[in-house]
Amino acid sequence: MERMSNSGTYKKKGDLYYNSLLSRNLYNNSLTFISGILAIIAILPLILVLTYVVINGASEINLAVLTQLPEPPGEDLPSAGGIGNAIIGTIVVSGIASLIAIPIGVGGGIYLAEYSRGGTFSKFIRFGANVLSGVPSIIAGVCIYSVIVSTRIILGSNFSALAGGISLSILMLPTIIKTTDEGLKLVSDDLRKAALGVGASKFVTVSQITIPAAFTPIGTGIVLALARAAGETAPLIFTALFSFYWLDSPEGILQPIATLSVLIYNFAIEPYKAQNELAWAASFLLVAFVLSINLLTRWIGKRGKH
Amino acid sequence: MSIYGEFLVLPKTTDLYLLRSRPPSEKLIDLTFRNVVISMAAMVAVVLFGILVLVFTGSVESMGRYGLRFLFTSDWNPVNNDYGAFAAIYGTIVTSTFSLLIAVPLGVGAAIFITENIIPTRIREAIGIMVELLAAIPSVVLGLWAIYVMEPFLRPLLSGLHEYLGWIPFFSTKPIGPGTLPAILILVIMILPIITSISRDSLNQVPKKLREASYGIGATRWTTIFKVIVPAAVSGIAGGVLLALGRAMGETMAVTMIIGNSNAFNWSILSPGYTIASMLANQFGEADGAQVSSLMYAAFVLMVLTLAVNVVAQWLVKRLSLKY
């Protein structure tokens, strides 16, 4: 405006240059600085948690810890034994959960992406999957406890690996449905039309064409859901409970079973140092597993995009 | 029925097309597959209603006995069968509200920082990944960290808070270790990734044109952010905040390990407290009789709270994605 009023001559030469002392620029820069600080604060917890889990946990890891049974707390022992049975237990319980949740989740996802035409039912299922993923995990535990554990409905067994696996599967289900649905929607419609055009049936189209084409996103979703389930504790504390013994026979899945996450919970609140150290060792294993799965799926996802 | 259903009619009218007729077995497989996947999808509804019905029927006895009084008294006496969940409900609301108050500015601020071109893309991506990895850390590990690292580190600070601000009811007790405030802080860590990543996605969805138009008429970066970008993304951000609220209310393990688990009601957030989720985790395994029903009633309250919050959140997130 100023240069117009002076008929073509600039009032001040530097007017169009950036002046960091203008109040708008001061305001701008200070907000940029504050947001940077907020971003640093946001990544601080991850760094702090990882540092302590590595410092306190990695030093505890050795062959004996990985292969022995935990000692029942009660006296101040020099060593609390190992987490061998809890490692097996976590694998067994999340395996049971996967056996239930993966077929149902992938099937439900196939329905939503391949069969539904945006009707009320499919809208409701999509909405229901979102709502189900928001249900607190402890509620899943409470429900399985009152349906399966307290009624002894499965062959008279009380707390069991099976009950634990079922309650984890409730938490995995919505994630798997959503990622299958979204993964299949990314598959180009041309592929479907081409398959149907050469005479493939709907079942063949889905099982031979669209599912393989969407394998990476679906697989990623399943693995992430599994990693999440492996770290879950709340649904297990009164379904799978805990055990100080090995899983020694297939019928053992009808018995209480130790898992890494419940071991961390039980031993973290014990007053004994040896048990606490075992909890840190189990945390290290669990965090290493969960983070490597997460980084791996990210890497695969990124590679798929290029 | 399906896209190719009509094709079957054609060969009968003319011999030009020698299309393979579909054997009954193939049709049967198709139909079976369709029905199987429909029933699998229906499982979601079955599980969801199953949970609702179970929690409701389990709590009917307690609802009849205590009615709404249950929500406003904090007796918890298995001997006299006198139950009230006020302390736990208060704890749930206080921990989730306070954790939101801290996590929302932090998360939205961080999301703005990593969606703006202030620093190189690589570093921004790295920050984004680190925040999301935080969400992957199991809650029980965060609880362990809170007990042995965070709480001992915070205790002198919290004592100072009590000394100088003790006249405020929220800080009126001496910190003795586990308590509501450490639980609030651990909840901040747990919901921060949700708020940051959903805010980042919503901010990224805002069309570039809006930003360019704003810069074009001479607005600065932060005028653009506050007046254009954030308002355009606000319903997505609000949806993310509500999802985080739902998560904070239902979060169990880390909170149970650090909140102190005391059913005695206290205004102070420095004293041990309770949330509905931690009460369930602590007592449900050993409860019997009227206590089970009362815990179910508390679970029902939690369920209703999280369901309401989640439904509104879904609606808000959907509204944004329809807009752009």
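None of the figures in this text is laboratory data; all of them are computed from the coordinates on show. In this text, all values refer to a predicted model and were calculated from it rather than measured experimentally. As a convention, Cβ positions derive from the backbone with ideal geometry for all residues, glycine included, and neighbour counts pool all protein chains shown.
How big is D, in µm² s⁻¹, for segment B:266-323 by Stokes-Einstein at 20 °C and 1.002 mPa s if Rh is the Kirkwood radius over C-alpha pairs?
My calculation gives 155 µm²/s for D.
State, as an integer percentage, the relative contact order of segment A:170-281 based on alpha-carbon contacts under 8 Å between residues 6 or more apart.
Reported relative contact order: 22 percent.
Separation of segment B:114-154 and segment A:265-306 by C-alpha centroid, Å?
14
Mean projection of the alpha-carbon convex hull of segment A:25-135 over all orientations, in nm²?
14.8
Could you work out which residue, out of B:R200, B:R221, B:R22, moves most in a Gaussian network model of chain B, that is, has the largest mean-square fluctuation with Cα springs under 10 Å?
B:R22
If one puts a single equal scatterer on every Cα of segment B:222-323 and applies the Debye formula without solvent, what log₁₀ I(q)/I(0) results at q = 0.21 Å⁻¹?
-1.04
Please list, ordered by chain and number, the residues whose modelled amide H lies under 5 Å from the amide H of A:E71; skip anything fewer than 5 residues away on the same chain.
Correct list: A:G81, A:G82.
Rounded, prolate or oblate: pick one for chain B, where a ≥ b ≥ c are the square roots of the eigenvalues of its C-alpha gyration tensor, a/c under 1.5 means rounded, and failing that, prolate if a/b is larger than b/c, else oblate.
Judged from the Cα gyration tensor, chain B comes out oblate (a/c at least 1.5, b/c at or above a/b).
Can you give the relative contact order of segment B:69-323 as a percent, counting alpha carbon pairs under 8 Å and 6+ residues apart?
That works out to 29 percent.
Within segment A:90-137, report the trypsin sites (Lys or Arg not before Pro) that DSSP leaves as loop and that have at most 10 other Cβ atoms within 10 Å.
A:R117
Only sites in a loop by DSSP and with at most 10 other Cβ atoms within 10 Å count here; which chymotrypsin sites (Phe, Trp or Tyr not before Pro) in segment B:157-242 make the cut?
When the chymotrypsin sites (Phe, Trp or Tyr not before Pro) of segment B:157-242 are filtered for loop state and at most 10 Cβ neighbours within 10 Å, B:W167 remain.
With N residues in segment B:145-216, what two-decimal value do you get for its Cα radius of gyration over 2.2 N^0.38 Å?
Here the Cα radius of gyration is 1.77 times the empirical estimate.
Which whole-number percentage describes the relative contact order of chain A, with Cα contacts under 8 Å and a sequence gap of 6 or more?
It rounds to 25 percent for chain A.
Viscosity 1.002 mPa s, temperature 20 °C: give me the Stokes-Einstein translational D for chain A in µm²/s, with Rh taken as the Kirkwood radius over C-alpha pairs.
Estimated via Stokes-Einstein, D reaches 92 µm²/s.
What does the extension gain come out to for A:S30 and A:F215, with contour length at 0.36 nm per residue minus their alpha carbon separation?
This chain segment gains 61.9 nm when fully extended.
With angles folded into 0 to 90 degrees, how steeply does helix A:215-231 sit against the dominant principal axis of chain A? Use alpha carbons for both and round to 10.
60
Exceeding 27 Å between C-alpha atoms, which entries from my cross-link table qualify? They are A:K178/B:K227; A:K302/B:K208; A:K185/B:K318; A:K123/A:K302; A:K302/B:K227; A:K202/B:K318.
The pairs that break the limit, which is 27 Å between Cα atoms, are A:K178/B:K227; A:K123/A:K302; A:K302/B:K227; A:K202/B:K318.
Just in segment A:206-306: which chymotrypsin sites (Phe, Trp or Tyr not before Pro) are loop by DSSP and have at most 16 other Cβ atoms within 10 Å?
A:F244, A:Y245, A:W246, A:Y272
Over 17 Å, how big is the tail of the calculated P(r) for segment A:233-306, in percent of all Cα pairs?
Cα-Cα pairs in segment A:233-306 separated by more than 17 Å: 58 percent.
Just how far, in whole angstrom, is segment A:153-182 from segment B:231-308 if you go by their alpha carbon centroids?
22
If R0 is 56 Å, what FRET efficiency do you get for B:A264 and B:T32 from their C-beta distance, rounded to 0.05?
0.40
Could you work out the per residue convex hull volume over the alpha carbons of segment B:88-198, in cubic angstrom?
127
With a Förster radius of 35 Å, plug the Cβ-Cβ distance of A:W299 and B:E163 into 1/(1 + (r/R0)^6) and report the FRET value to the nearest 0.05.
E between A:W299 and B:E163, to the nearest 0.05, is 0.10.
Would you report the distance distribution of C-alpha pairs in the protein assembly as shown as whole percents per 20 angstrom bin, up to the bin with the largest distance?
17, 47, 27, 8, 1
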